[in-house]
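Undergrad: Please see the structure below; I have some questions.
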Amino acid sequence: MWRTRHLAIINLLQSLQLHLICLQEFWLNEQSFIKLYESNLSSKYSSYYVQRTHDHDDGLAIFVDRNHFKFINQEDLLLNDIGNRVGLLLHLEYKGKALLVINIHLTFPHNAFDRHLRLTQIKKFLDMIHEYQMKNNLLSDKCSIILCGDFNSSWDNDPVYQLIEKQFRSSYLIVNKNEPKVTHLTHRREELGVDFIFYQSNIFQPITSELIPRGCDVHKWNDTIGWTLSDHRAILTTFQLEENQEKMDL
């Protein structure tokens, strides 16, 4: 059953012709799961993973189009005791420009403790990103950053979102003037907008940003599209390198 669903997800990803793919809840304890993705994507994409600490089955994945990016380094951002959450940082070059791509997945805020934990997690992730920049002399304006993932809370009155927007901009918000109201149907049957692609750059600008599946109702989960591949909707953003109009799809 899972194979059929994930083959459909892979086919969708291939049809979108993306340059970068960031996935959360990627099952790294199951080799057949990893092989399914790699066997279908490896002709175009290099794959990078980090598994959650303390034997959790899932983790994060980033697939990078080798024709567009030069891989420099991978840095695993391990929080260990802070909810066993991880981040995956890739240091890439695009058209000779430094680019950091970070994929994260924060704790679901079941209660006040978890809400505090989420804030601690994002503070630590931001510190680790800054430390990597300092260590690799990437603090200049020429280093662009993309920070994306499942942030597990709506943007409205969220301290995590408010902290991030002090340093980054939401690509969807910049393009559409509003965040999507619903990108996730939670295990509590709550309809929330929890998925974001943030960026920090003086040379890349988002020119389109949309939800996948295309045509879905951004205000509610149950619509005429009938999306069944995931309990999340993906965000697809196209960035443009301003100096030569080159486009990058994430």
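The values are calculated or read from the model by the stated rules, or taken from the named source; none is laboratory data. Bear in mind that the values here come from a model prediction, so they are computed numbers and not experimental data. Counting neighbours? That spans all protein chains shown, and the Cβs are built from the backbone with ideal geometry, glycine included.
Undergrad: Could you please give the count of residues in segment 1-33 that are of a type in the set (A, V, I, L, M, F, W, C) and either part of a loop (DSSP other than H, G, I, E, B) or closer than 23 Å to I72 by Cβ (or both)?
TA: Of the residues in segment 1-33, 8 are of a type in the set (A, V, I, L, M, F, W, C) and either part of a loop (DSSP other than H, G, I, E, B) or closer than 23 Å to I72 by Cβ (or both).
Undergrad: Keeping to segment 1-26, report how many residues are within 16 Å of the chain's Cα centre (by Cα) and aromatic (F, W, Y).
TA: Qualifying residue count for the region: 1.
Undergrad: What are the pairs, 6+ residues apart or on separate chains, where a residue within segment 199-227 that is assigned to a loop (DSSP other than H, G, I, E, B) has its Cβ under 8 Å from a residue that is crowded, with 16+ Cβ neighbours inside 10 Å and among the β-branched types (V, I, T)?
TA: Pairs found: S201/I145; D217/V182; V218/V182; H219/V182; K220/V182; W221/V182.
Undergrad: Going through D114, D127 one at a time, which residue ends up being at pLDDT below 95 and in a helix (DSSP H, G or I)?
TA: D114
Undergrad: Which of the residues that make up segment 34-57 are exposed (fewer than 13 other Cβ atoms within 10 Å of the Cβ) and not charged (D, E, K, R)?
TA: S39, S43, H54
Undergrad: Next question, about the same structure. Taking the conditions exactly as written (assigned to a loop (DSSP other than H, G, I, E, B) and under 24 Å from A112 (Cβ atoms)), does R189 satisfy them or not?
TA: It is true that R189 is assigned to a loop (DSSP other than H, G, I, E, B) and under 24 Å from A112 (Cβ atoms).
Undergrad: Residues in segment 84-111 that are within 30 Å of H187 (Cβ to Cβ) and either of a type outside the set (V, I, T) or not in a strand (DSSP E or B) (or both): how many?
TA: Residues in segment 84-111 being within 30 Å of H187 (Cβ to Cβ) and either of a type outside the set (V, I, T) or not in a strand (DSSP E or B) (or both): 14 in total.
Undergrad: So in segment 34-47, with the set limited to residues that are without any contact (Cβ under 8 Å) to a residue 24 or more places away in the chain and not in a helix (DSSP H, G or I), which one is farthest from D150 (Cα to Cα)?
TA: In this case the residue turns out to be S43.
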